[in-house]
Structures are given as C-alpha cells and as structure tokens.
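Bear in mind that the values in this text are calculations on the coordinates, not laboratory data. Bear in mind that the values here come from a model prediction, so they are computed numbers and not experimental data. Backbone-built Cβ (ideal geometry, glycine too); neighbour counts: all protein chains shown.
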Amino acid sequence: MSTPAEPATALNISDVVSGPIPPRVTNAAWPNMLHTRIHDVVEKMGPPPWSVRLIQDERNLVTLIANPPGSGNRPHWHKDFDEWWVILAGRLQWELTGGVVIEATRDELIWVPRGTVHHIKNIGDDLSLRMAIAMPPAVHYFHPCEQCGYTDDGPRAFW
C-alpha cells in the first residue's frame, strides 16, 4: 500500500459570505450537525476506543475522542497548525517534545503548538473524553516519543 500524497498547506478559503444568512447546513448526522449532545455521541459510539468527527469544513476539524484507561494515541506532530483539546471526562497525560509532561482533567484545556511531538494517554481509571480542535488537512507525522519510549514512527497518516 502506498502512502498518499501530502496535501498542500496553503490556506485557501473559498466559502466566504457577504452578509448574514441562515444556516446552510442542516445535517441530521455528523459531521456538521447544528446541535450535538455529547451524551448522545458517547451512547451511539459505544465502548472506547473510538473517535468521531463532529465538525469538518475547510477551516475546522472538531473530533470527539474516547479512550479506556491505559490507552492513547501514537506520538505525532503537525507542521502547519496548532492543536488544542477540551477535556470532557477522565484524566489524561500529554508527553511533549523536550520532556514536558502535562496532566489534565475535566473542564481543562490543553494547547500544543505546531512542531511539538505529542503523545496522549488516559492515565485515569475511567473513560476519557477529549474534544480535539484542529485545522484541515490535519496531517499527522508519526514520531517516536522521548519520554515514553514509543519508537514505532510508522507511515504518515492523513485524517
């Protein structure tokens, strides 16, 4: 299987409006519903781990991510956008480039600037939920984690 070509990083905003208009998107399912209840998403998705894209357009990517205790993501970084998360449940740990370690719980916000390797893990005893906010195309460059010893840098992933 070949690795897909890396998307261009130029910011092109083609959907610009000239004044107030009613909502043009009235999706009945994700992504891009006008009103989403987090409880409904968790119930529909079932046991973790899972992630679901709630908002996706040319400027925004909003993903709800659930992890059971002890699990997390692969260490990675982004070259052209910062990423941030709102913690909705659980206790999470971010291991960042340079030996920085941050722990966060419900109602806290974590911001990671572009270029920083980040490895996120649920270090609590319960389900963790985090809302990830990023900018398309959200290219992930997988990379080893200094602190945790994770060495599988694997292929690039696009999502």
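Of H35, H118, H140, the sequence from fewest to most neighbouring Cβ atoms within 10 angstrom is H35, H140, H118. Applying 1/(1 + (r/R0)^6) with r as the Cβ-Cβ distance of N73 and K44 and R0 = 25 angstrom yields a FRET efficiency of 0.70. Between R24, R37, R53, the residue with the greatest mean-square fluctuation in the GNM of the chain (Cα pairs under 10 Å linked by springs) is R24. Extension gain, V52 to W111, is 19.2 nm, computed as 0.36 nm per intervening residue step minus the present C-alpha separation. Site pair C148 and I13 shows an inter-label distance of 3.4 nm when each label is modelled 7 Å from Cα along Cα→Cβ. Here the sum of -39500 (n - 2.57) over DSSP H runs of 4 or more residues, divided by the residues of the chain, equals -1500 deg cm²/dmol at 222 nm, to the nearest 500. With neighbour counts taken as other beta-carbon atoms within 10 Å, the residues D80, D126 rank, fewest first, as D126, D80. Here is the list for segment 66-159: trypsin sites (Lys or Arg not before Pro) lying in DSSP coil, each with at most 15 other C-beta atoms within 10 angstrom of its C-beta, are K79, R106, R114, R156. Here is the tail figure for the chain: Cα pairs spaced more than 19 Å apart come to 59 percent of all pairs.
The gain in end-to-end length when the T36 to V100 segment is fully stretched comes to 19.7 nm, 0.36 nm per residue minus the alpha carbon separation.
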